[in-house]
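Novice: Just dropping this structure here.
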Amino acid sequence: MLVLALLSLLVAVGALVLAGVALRRTRRQPTAGAEALPEDVLGLRQEVAALRAEGKDALRHLTVVRYDAFGDMGGQLSWSMALLDDSGNGVVLTSIHGRSEARSYAKSIAGWRCDQQLSPEEDEAIGQARPKG
């Protein structure tokens, strides 16, 4: 039940972020449509640079690592999820499931690092979310 509530909260936060980005884009762009786009190469490059700058802070690097937290339980019901932007800022969420309870943790990430000690699974989720190259 707690997992469903947490996932619902994550979906709601994601929807709010996307709505904010969409609202910001509609405010920036004139309503004239395609005629409002620049026709020269320099203008198009500036538009692309502006779009890249907008997307830089979006939590778009998402990875989920599922695992068995306890040896006597199967089904990989425990998980760690990293939600990060291009600079490695965001959060890692963890839910550890036992026989009679589930515990959830959230740790802030800044620059691909965390001030708190990370579990191997949390570290793996952050590593997988980091863009290659």
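The values are calculated or read from the model by the stated rules, or taken from the named source; none is laboratory data. On a predicted model such as this, the values are computed, not experimentally measured, just so you know. Glycine gets a Cβ as well: all are built from the backbone with ideal geometry, and neighbour counts include every protein chain shown.
Novice: For segment 72-115, name all the residues that are assigned to a strand (DSSP E or B), surrounded by 17 or more Cβ atoms within 10 Å (Cβ to Cβ) and of a type in the set (Gly, Ala, Ser).
Specialist: Correct list: Ser78, Ser80, Ala82, Gly90, Ser95.
Novice: Looking at the structure I just gave you, is Gly74 farther than 26 Å from Arg24 by Cα and modelled with pLDDT under 90?
Specialist: yes
Novice: While we're here: For segment 114-123, check the following and say yes or no: at least one residue is outside the structural domain of Leu23 (by TED's automatic domain parsing) and closer than 30 Å to Leu23 by Cα. Don't jump to the end; show me each part of the working.
Specialist: Kept after step one, since they are outside the structural domain of Leu23 (by TED's automatic domain parsing), are these residues of segment 114-123: 114-123.
Filter again for closer than 30 Å to Leu23 by Cα, leaving none.
So far as segment 114-123 goes, no, none of its residues is outside the structural domain of Leu23 (by TED's automatic domain parsing) and closer than 30 Å to Leu23 by Cα.
Novice: If you don't mind, there's one more thing I want to ask. Could you check how many residues of segment 77-97 are under 12 Å from Leu62 (Cβ atoms) and among the charged types (D, E, K, R)?
Specialist: The qualifying residues number 1.
Novice: Which ones in segment 84-109 are free of Cβ contacts under 8 Å to residues at least 40 places away in the same chain and among the hydrophobic types (A, V, I, L, M, F, W, C)?
Specialist: Within segment 84-109, Val91, Val92, Ile96, Ala106, Ile109 qualify.
Novice: Please determine whether any residue of segment 116-131 is assigned to a loop (DSSP other than H, G, I, E, B) and among the acidic types (Asp, Glu).
Specialist: Checked against the condition, which is being assigned to a loop (DSSP other than H, G, I, E, B) and among the acidic types (Asp, Glu), segment 116-131 yields no hits at all.
Novice: Among the numbered criteria (1) more than 12 Å from the chain's Cα centre (by Cα); (2) in a strand (DSSP E or B), which single criterion is violated by Ala69?
Specialist: (2)
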